[in-house]
Structure formats: C-alpha cells, structure tokens
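What follows is one structure encoded as structure tokens, with my remarks underneath.
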Amino acid sequence: MSGAQGSDLNRNPPHPGRLDHAEGASIPLHSRVREAQPRGAVINGDQPIDQAGAAERFIAAPEHERMHDARLWDLRQKRDRQMHGIAEWEDLRRLASEIKEHALTHLDHYLEQFETNARANGIHVHWAQDADEHNAIILSLLRDHGVKRLIKSKSMLTEECGFRDFMAESGVEVVETDLGERIQQLDDEAPSHVVVPAVHKLRSDVAEVFARTLGTDPDDDDVHYLTEQQREKTRPLILDAQAGLTGANFVVAETGTFVVCTNEGNADLSANTPPLQIASIGIEKVIPRLEDLPVFVRLLSRSALGSPITQYTSHFRGPRRGGELHVVLVDNGRSERLGMEQFWTSLKCIRCGACMNTCPVFRRSGGLSYGATYAGPIGLIIDPTFNRHRYSSLPFSSTLNGSCTNVCPVRINIHEQIAGWRRVLAETHELPLMKKVIMREAGHLLSHPALYRTAIATADSALKHLPRFMVYNRLNTWGHGREVPAPPRETFHQWYAANRATKKGKPA
Ligand code: SF4
C-alpha cells in the first residue's frame with residue numbers, strides 16, 4: 001500500500017461539504033517554523049547501527065519531531081475509530097492470523113499452486129533465492145526488451161534488494177510513481193515508513209527537494225503548486241517508459257492472481273502504461289483462496305491509515321493484450337526466517353505500518369534512524385534476520401510496552417519477539433561491551449538477595465550525595481535527556497521490615 005501521505009501535501013483543512021472518509025479525515029497540521037531536515041542513521045559497513053545517536057539528531061529538530069509524532073498519532077487514532085466501527089474486528093484479526101499461519105505452514109503447496117495457475121493465465125513465473133538473483137532476473141528481462149526506463153510503484157521488497165541503486169549502475173532509469181516515494185527518490189533517501197515513505201518530511205523539506213531537483217520555486221511550499229509541478233515533470237517520464245514494476249500485497253494461490261493496493265492508483269499506472277509488466281513478490285504474500293482476500297482488505301487500510309479501504313485494490317490476472325507479465329517470487333531470507341521457531345510468525349506481516357504509528361520510539365525518532373529497510377517494531381524483528389551484527393542494537397530500541405502487539409491486524413506477538421531477539425543477541429555475544437558488563441553484573445546482583453538489598457540501599461544513599469557529573473556522564477546513556485528519579489527515603493524492604501514483618505521476618 002502506498003500514498004502521498006508521506007509529506008504534508010494532503011494535510012490542508014478539509015473543505016466543508018468535501019467527501020472525506022467520514023471520521024477517517026485527517027487533522028490539519030501545519031509546521032510553525034522552517035527547520036533543516038535531520039538525516040537518518042549513518043551506515044558504517046557492518047558496524048552496529050547507532051539508532052540512539054540518529055534519534056538524538058531527530059529530536060534535536062523539534063518541529064520535525066512534533067509533526068512526525070502528531071501525524072503518526074493521528075493515523076493511530078483514526079485506526080482506532082475504524083476498529084471501533086466494526087463489531088467483528090477481533091474475529092477478523094483472529095481469522096487473518098489463522099489464514100496466514102496456515103498458508104505459511106503449507107507454503108510450498110500454495111506457491112506451487114500459484115505458479116501452476118499463474119502460468120495457465122499467461123504469466124511468466126520466476127524464482128529468486130536472494131536479492132542478487134532478483135535484480136539479475138529483472139535486468140535480463142529489461143535488456144531482452146531493450147528497456148531504458150522503468151516506472152515503479154512502491155515496493156519494500158525492492159528496497160530490501162537495493163534495486164534502485166543496482167538499476168542505476170546498470171544504466172536503467174527508474175522512476176517512482178508513488179508521490180511520497182518519488183519525493184524520497186529525488187532526495188536520494190530510502191522510505192522512512194512502509195506506508196507513508198516521506199512522513200518525516202515537512203512541506204518546506206519537499207519544497208527544497210523539488211527546487212533542487214525539479215527547478216521549482218524554493219520559497220513556494222503551497223501543496224497544490226508542489227503536486228502540480230511534480231505531476232507536470234514526472235508524467236512525461238511515465239508515459240514514455242518501456243516497462244513497469246509493482247510489488248504485491250496479496251497473492252492468491254487458487255486463482256494464480258495477485259493484488260496491489262494503492263491510494264494514488266500508481267500501481268495501475270506502472271502496470272498498464274508500458275507493454276512489459278513485472279511484479280516483485282515476497283513468497284510470504286501468498287494466501288490460499290480468493291474468499292480469504294476480503295479478510296485482509298478489510299483490515300489493511302483501516303490499520304494503516306484509518307480509512308475503510310484503499311482507493312485502488314487492483315487484481316492482476318494476466319498480461320494485457322499484446323503485453324507481457326512476469327512475476328518474480330523472492331525468498332531473500334524468508335525460508336530461513338520460517339525455520340526460526342521464535343520469529344517465524346513475523347512472516348504474517350501485511351506491512352500496514354500500524355505498529356510503527358503507535359510506537360513511541362518510532363514516532364519520536366523517525367524511521368530513517370533505524371538505518372534499515374524495515375523500521376519500527378516489526379523492523380526490530382526482521383532486520384536482525386538479514387544481518388545479526390549490523391542490526392544488533394535495534395531490538396533495544398523499544399520500550400516493550402506491547403502497543404504494537406495490540407494493534408497488529410494479524411496478531412503478531414511483536415513485543416515478545418523483540419524481547420526474544422534481546423535474549424538471542426545476548427546468547428550469541430552480539431551485545432556492546434558496556435551492556436554486556438552491566439548485564440553480567442546485574443545478573444550476579446539479582447541472584448544474590450542480600451547483596452542486592454545492600455547495593456540498592458547504598459546506591460540510593462549515594463545518589464543523594466554524588467556530584468551531578470558522576471551520575472550524568474557518557475556511561476549513563478539512560479540519563480541522556482531525562483533525570484534519574486529522586487531516590488526514596490527508604491527501600492521497600494526497609495519499609496516492609498518496619499511495617500509488615502513479624503520478628504521472625506514473616507508477614508504479620
Ligand atoms: S507487524 Fe503487524 S502492525 Fe506491524 S506492519 Fe506488520 S501487520 Fe502491520
């Protein structure tokens with residue numbers, strides 16, 4: 001699913017009488033000041049991502065942080081209103097979860113069924129084991145057809161595969177058709193959110209990007225002006241492209257078809273304008289039957305944007321007359337994830353982004369601070385499956401409050417899996433040295449009650465007297481941006497001994 005909601009292009013106050021999604025209408029948001037856009041995490045080879053450092057830079061741009069938080073919380077509230085409007089919401093979630101779990105535990109069967117039916121429909125089916133194979137298959141298709149320009153609708157899988165960079169190196173021009181994604185492409189940035197790729201940008205940021213890349217007026221950030229200019233500049237490129245690429249939200253084994261949901265109709269542009277259509281699809285997207293589809297369609301947009309349905313839910317069954325349709329089914333680590341007992345159910349994800357919209361860490365740090373294709377709560381589970389060392393810090397970027405689990409439309413136990421990754425990373429020695437030392441000492445302390453009580457009492461009285469620089473320094477990352485609570489006058493055990501215990505130490 002995709003949309004232009006990434007920028008605040010569509011955040012103008014609704015006109016009276018305009019047809020909105022009823023309660024789904026967005027609150028108007030306007031930035032108060034011009035402020036430079038904070039950039040995301042710095043990628044340093046395979047070094048662990050410094051998400052906290054990137055988050056600190058994001059927070060240091062208060063207008064960006066305020067707008068980002070407000071936009072995503074708005075989406076979360078709209079999602080809640082939609083959920084309350086459907087009495088059978090929890091039944092739908094349960095059903096969606098069961099369908100996905102059934103499909104994932106019979107994945108080979110349903111993929112083969114899809115392949116047979118898709119071929120019968122006239123679709124060419126390819127299999128790619130990893131990102132390199134995916135890119136190579138598509139490049140060879142493009143070369144066979146003499147393609148110089150490809151138009152593409154938003155697809156997180158192609159982000160996973162580094163597709164745009166690969167194509168640029170191979171001499172094929174790629175033009176994004178989703179507005180938010182196009183903004184990100186022009187700014188040479190990855191999407192910061194799976195549904196709203198430029199949600200971290202202010203209108204002034206978009207004006208700056210367009211002025212730099214499309215030659216628009218840098219001082220004009222009027223939404224109509226910006227969208228019109230982008231449309232005028234990009235339409236000719238779209239109409240002239242020789243191939244189009246989409247992702248897929250769902251793949252129906254029974255019919256050999258696939259479904260793409262967008263709000264801008266841009267997947268239909270990508271699919272129908274040029275003669276060659278290609279779809280990059282993760283193997284976990286398969287569902288057994290057409291009658292399973294409405295369960296997900298009812299959940300997807302409501303969970304993502306708080307709107308009852310996406311504007312375009314397009315079914316692709318075969319090539320258009322005189323054209324060709326190719327589907328590339330991509331594994332890229334999914335089979336391996338399927339074999340991970342604690343984490344396999346993360347494959348149920350339908351990429352609605354609800355867990356990101358509700359996550360306090362994501363809302364205040366921006367998606368690019370995670371330095372990975374998938375940000376937010378679901379990213380903390382998926383990313384370490386791609387590279388355990390590089391993404392070893394990410395599962396700690398969570399409060400484990402469980403809100404992500406509560407909103408997930410396919411009932412993934414997200415916060416439990418994040419906690420699971422912390423355990424795995426500790427067991428496989430992927431913790432930073434300081435965390436490792438602290439955890440070891442904490443473990444020792446917690447397993448010796450007498451020592452623990454003495455240490456707590458000593459720490460409490462020391463905190464009252466230590467000079468500030470000894471408490472707030474580089475070693476106390478917890479104290480960055482917040483105060484350590486004032487130590488209590490007495491510990492719980494001291495209070496309990498004085499007020500509740502008998503002389504023998506038993507409760508009174
Ligand atoms: S984990 Fe759940 S809430 Fe998060 S994006 Fe996936 S389906 Fe949506």
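Assorted remarks:
- Neighbours by Cβ (under 7 Å, 6+ apart or cross-chain): first from the stretch 294-322, closer than 23 Å to ASN272 by Cα and without any contact (Cβ under 8 Å) to a residue 24 or more places away in the chain; second assigned to a helix (DSSP H, G or I) and within 12 Å of the ligand (Cβ to nearest atom): ILE309/SER301
- Some residue of the stretch 160-167 being more than 18 Å from the chain's Cα centre (by Cα), over 23 Å from ASP144 (Cβ atoms) and either in a helix (DSSP H, G or I) or at pLDDT below 95 (or both): no
- Filter result (more than 6 Å from the ligand (Cβ to nearest atom) and touching a Lys or Arg at 6+ places or on another chain (Cβ under 9 Å)) within the stretch 352-364: MET356, ASN357, THR358, ARG363
- Taking the numbered list (1) open to solvent by 10 Å² or more (accessible area, probe 1.4 Å); (2) within 15 Å of the ligand (Cβ to nearest atom) in turn, HIS389 passes all entries but (2).
- Any strands (runs of 3 or more DSSP E) falling wholly within the stretch 249-351 and containing at least 3 residues that are within 16 Å of the ligand (Cβ to nearest atom) and of a type outside the set (Phe, Trp, Tyr): none
- Residues satisfying the stated conditions in the stretch 407-442, i.e. within 16 Å of the ligand (Cβ to nearest atom), in a helix (DSSP H, G or I) and in contact (Cβ under 8 Å) with a residue 12 or more places away in the chain: VAL407, ILE414, HIS415, GLN417, ILE418, ALA419, GLY420, TRP421
- Near pairs, Cβ below 7 angstrom, 6+ apart or cross-chain, from the stretch 458-472 (within 19 Å of THR491 (Cβ to Cβ)) to any residue that is part of a helix (DSSP H, G or I) and open to solvent by 50 Å² or more (accessible area, probe 1.4 Å): VAL471/LEU463
- Test result for PRO384, open to solvent by less than 10 Å² (accessible area, probe 1.4 Å) and either at pLDDT 95 or above or away from the ligand (no atom under 12 Å from the Cβ) (or both): yes
- So THR399, is it closer than 30 Å to PRO62 by Cβ, open to solvent by 40 Å² or more (accessible area, probe 1.4 Å), within 20 Å of the chain's Cα centre (by Cα) and β-branched (Val, Ile, Thr): yes
- Pick from the stretch 201-215, criterion part of a loop (DSSP other than H, G, I, E, B) and open to solvent by less than 10 Å² (accessible area, probe 1.4 Å), ranking: farthest from the ligand (Cβ to nearest atom): LEU202
The values are calculated or read from the model by the stated rules, or taken from the named source; none is laboratory data. Predicted, not measured: the structure shown is a model, and the values here were computed from it. As a convention, Cβ positions derive from the backbone with ideal geometry for all residues, glycine included, and neighbour counts pool all protein chains shown. For the accessible areas, the whole protein counts, side chains as well, though only heavy atoms, and no ligand, DNA or RNA atoms are used. Shrake-Rupley method; radii C 1.70, N 1.55, O 1.52, S 1.80 Å.
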